[in-house]
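In what follows, a single structure is set out as structure tokens and then discussed.
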Amino acid sequence: MRKVKEFIIEKLIFLSGLASIFFVVLIFLFLMKEGLSVFKTISFPDFIGGNKWYPISEPAQLGIKPLILGSLLVTLGAAIISIPIGIGCAIYIAEVAPKKLKEFLKAGIELLAAIPSVVLGFVGMVTLVPFVKSIFHLPTGLTAISGSIMLAFMAMPTIVSIAEDALYSVPKIYKEGALALGATHWQTIYRVMLPASSSGILAAVMLGIGRVIGETMAVMMITGNAAVIPTSILQPVRTLTATIAAEMGEAVVGSEHYFALFAVGIVLFVISFAINVTADIFLHGERK
Amino acid sequence: MMKKTYRTQKIAFFFLLVATLLIVIPVGIIVVIIIQKGMPGINWEFLSDIPRKGMRAGGIFPAIIGTIYLVSGAIAFALPIGLLAAIYLSEYSKDNLLTRIIKLAIVNLAGVPSVVYGLFGLALFVVFFKFGASILSGSLTLGIMILPIIITASREALESVPYSFREVSLSLGASKWQTIRNIVLPNAISGILTGTILGLGRAAGETAPILFTVAAFYLPRLPQSIFDQAMALPYHLYVISTQVPNVDEKIRYGTALVLLAIVLFMNLIAIVIRYQLRKKKKW
């Protein structure tokens, strides 16, 4: 009797172990199931490269190039802000900060990671957006740069915590060797610690960027949502994620618009999949 | 020469400090602003009343209840599966290709954009299983989303139980499952709890996955069953700050404060448990 019970439990454990694979495949299949239908009416190059996104005009124009460029612009801005600050902060926490301050700073970073994106979006709307509007003398503060600044704050916790782990996992003897040779602390960090942890730091940057590309609510609330090809960072843009979130509510199930939004979802899924697999290879390679 | 290298170090450390402050100070400001401007709006009526006058007055009670339902549903789904998956990875899996693929799948599940979870929930639960926009659909979607958090935290907790504990139990004649249930799990419980609470916090704060699977724009009554739509705090904050014009600032900030307080409170509990655990660890 006990044997039977344990047999069942162990099978359950095994099946649950496979659950993650099952769900990733399930997500991909259901995105494909709904999203691929759009290519009955529009070719793949027209979908990716089309300049116009007018999903509810007759006939619908479903080019997602403005959305891709919008996502890229916001992400690029966020990366430029968050990478130097994030890595700098990681070095400070891992190497420079005294022990008590270190714990405090880590808690602060965790706090930032925990703030829901809709709350950050709200704060951005009421503080950052009017600020951007007034310093650049713009008709609206809902611009790509507002989105970039806010998203940089969502990327930073990821970058800081993974880069800090990478620095922490550099063998102690590397550091001791450099210091014993007469290098200053900074020279040791710059010439020994950073190169030794470079693959982990690269993974940190990639995962931070992955977080930015996938971010939805904050970006929808503060980038203005204009589906046009962006020419400046001081202009409203619309990202891939915001398009899905803003339009799916109105799209009729089974319509071309509905299928097109799922196809946008496939694009996002593929991007995040590529980023996560690459980052994992960097992290995994380093552990060896 | 010596002086110059030390000056370089001083300058470099100064910039590192500046980078750190550029993160920490805005976080502090964000939290302080929300508390300062949100507190005046918070009173018993705000927490216990339904929204009135097109959400420009009254309270946020249905949104709080909706979020509690959703989070409970998500955890009820994700905790058993996540815990068993963690047991598999820490106690049963061998160092082979399958394990590698499972770990990669967990990483990917954690990286899927939240709005894509929303699409997935819509396609699978709302449309394919015909659950409609309901608490059930929303909970399941959120549950899958927090699964990687629970698996990762539980696995770390299980793996941190020393191997000798297992050996002693096995050598006394206990079976593998008895060892896991009576020895490994009790010693890993705080770590598992921490992960569960962090998952709860994440589920409570997410908006995009519930947009098309459950969230109701305005629903002045409480949901009656798991097949009902419900309001939820994060979506409500989104609605009153972008979709409804002329909502009093007090209500917006008040809602943001309640949501932030719930999420941060859960994180605080998780941090405290982790701290206690580290202090009393015997091995």
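Grab the other residues whose beta carbon is less than 10 angstrom from that of B:Asn267, score K and R as +1, D and E as -1, and report the net.
Charge balance near B:Asn267 sits at 0.
Taking A:Lys102 as the anchor, which lysines have their alpha carbon closer than 26 Å to its alpha carbon, excluding any fewer than eight residues away along the same chain?
Correct list for A:Lys102: A:Lys172, A:Lys175, B:Lys10, B:Lys279, B:Lys280, B:Lys281, B:Lys282.
If you place +1 on the Cβ of every Lys and Arg, -1 on the Cβ of every Asp and Glu, and leave all else neutral, what size is the dipole of the stretch B:59-280 about its Cα centre, to the nearest 20 Debye?
So the magnitude is around 420 debye.
Provide B:Ile68, B:Ile81 in ascending order of the number of other Cβ atoms located within 10 Å of each residue's Cβ, fewest first.
Ranking B:Ile68, B:Ile81 by Cβ neighbours within 10 Å, fewest first, gives B:Ile68, B:Ile81.
For chain A, what does -39500 (n - 2.57) per DSSP helix run (n ≥ 4), summed and divided by total residues, give at 222 nm, in deg cm²/dmol to the nearest 500?
-22500 deg cm²/dmol
Where the only charges are on Cβ atoms (+1 Lys, Arg; -1 Asp, Glu), what is the dipole of the stretch A:45-287 about its Cα centre, to the nearest 20 debye?
680
Using the Kirkwood radius over C-alpha pairs as Rh, can you work out the diffusion coefficient of the stretch B:12-106 via Stokes-Einstein at 25 °C, viscosity 0.890 mPa s, in µm² per second?
Roughly 132 µm²/s, to the nearest whole number.
Using only Cα atoms, what Kirkwood radius does the protein assembly as shown have, in angstroms?
25.0
Chymotrypsin sites (Phe, Trp or Tyr not before Pro), restricted to the stretch A:103-193: which are DSSP loop and have at most 14 other Cβ atoms within 10 Å?
A:Phe136
Can you give the local net charge around B:Phe212? Use residues other than it whose beta-carbon is closer than 14 angstrom to its beta-carbon, Lys and Arg +1, Asp and Glu -1.
Result for the local shell: -4.
Convex hull volume of the Cα atoms in the stretch A:45-287, per residue, in Å³?
Dividing the Cα hull volume of the stretch A:45-287 by its residues yields 145 Å³.
Which of the lysines could a cross-linker bridge to A:Lys33, judged by Cα under 30 Å and excluding same-chain residues fewer than eight apart?
Leaving aside lysines fewer than 8 places away in the same chain, those within reach of A:Lys33 are A:Lys52, A:Lys65, B:Lys103, B:Lys130.
Around A:Ser161, what is the net charge, scoring Lys/Arg as +1 and Asp/Glu as -1 over all other residues with Cβ under 10 Å from its Cβ?
Charge balance in the 10 Å sphere: -2.
Report the rotationally averaged projected area of chain B based on its alpha-carbon convex hull, in square nanometres.
Across all orientations, chain B yields a mean hull projection of 22.0 nm².
Take the Cα atoms of the stretch B:59-149, find their three principal axes, and give me the spread along each one in whole Å, biggest first.
That works out to 52, 24, 21 Å along the principal axes.
Can you list the trypsin sites (Lys or Arg not before Pro) in the stretch B:41-77 that are in a DSSP coil and have 12 or fewer other beta carbons within 10 angstrom?
Listed in order of number, the matching sites are B:Lys53.
Filter the DSSP H helices in chain B by two things, a Kyte-Doolittle mean of at least 0.0 and an axial alpha-carbon span of 20 angstrom or more, and list the hits by number.
Helices passing the filter in chain B: B:2-38, B:61-87, B:97-111, B:135-159, B:185-205, B:249-280.
Give me Rg/Rg_expected for the stretch A:52-96, where Rg uses Cα atoms only and Rg_expected = 2.2 N^0.38 Å with N residues.
Ratio of Rg to 2.2 N^0.38 Å for the stretch A:52-96: 2.00.
Counting pairs of alpha carbon atoms under 8 Å apart in space and at least six apart in sequence, what relative contact order in percent does chain A give?
For chain A, the relative contact order is 27 percent.
Sort B:Tyr238, B:Tyr92 so the one with the fewest other Cβ atoms within 10 Å of its own Cβ comes first.
The most exposed by this proxy come first: B:Tyr92, B:Tyr238.
Counting Lys and Arg as +1 and Asp and Glu as -1, each charge on the Cβ, what is the dipole of the protein assembly as shown about the Cα centre in debye, to the nearest 20?
Dipole size: approximately 1620 debye.
If I build a Gaussian network model for chain A, linking alpha-carbon pairs within less than 10 angstrom, which residue out of A:Ala107, A:Ala260, A:Ala94 has the largest mean-square fluctuation?
It is A:Ala107.
If you fit an axis through the alpha-carbon atoms of helix A:198-214 and take the longest principal axis of the Cα set of chain A, what angle between them do you get, 0 to 90°, nearest 10?
Its long axis makes an angle of about 30 degrees.
To make sure I understand, if each residue's beta carbon is the centre and we count other beta carbons within 10 Å, what order do B:Arg166, B:Arg100, B:Arg7, A:Arg238 fall in, fewest to most?
B:Arg7, B:Arg100, B:Arg166, A:Arg238
Could you name the lysines whose alpha carbon sits less than 18 Å from that of A:Lys5, not counting residues in the same chain fewer than 8 places away?
B:Lys176
Over all directions, what mean area does the Cα convex hull of the stretch A:191-278 project, stated in square nanometres?
Taking a quarter of the hull surface, the average projection is 7.9 nm².
Remind me, relative contact order of the stretch A:140-276 in percent, using alpha carbon pairs under 8 angstrom and six or more residues apart?
Relative contact order, the stretch A:140-276: 31 percent.
Quick note: the coordinates plus some simple rules give every number you see, no bench work behind them. Because the structure is a prediction, the values reported are computed rather than measured. So basically every Cβ, Gly included, is an ideal-geometry build from the backbone, and we count neighbours across all protein chains shown.
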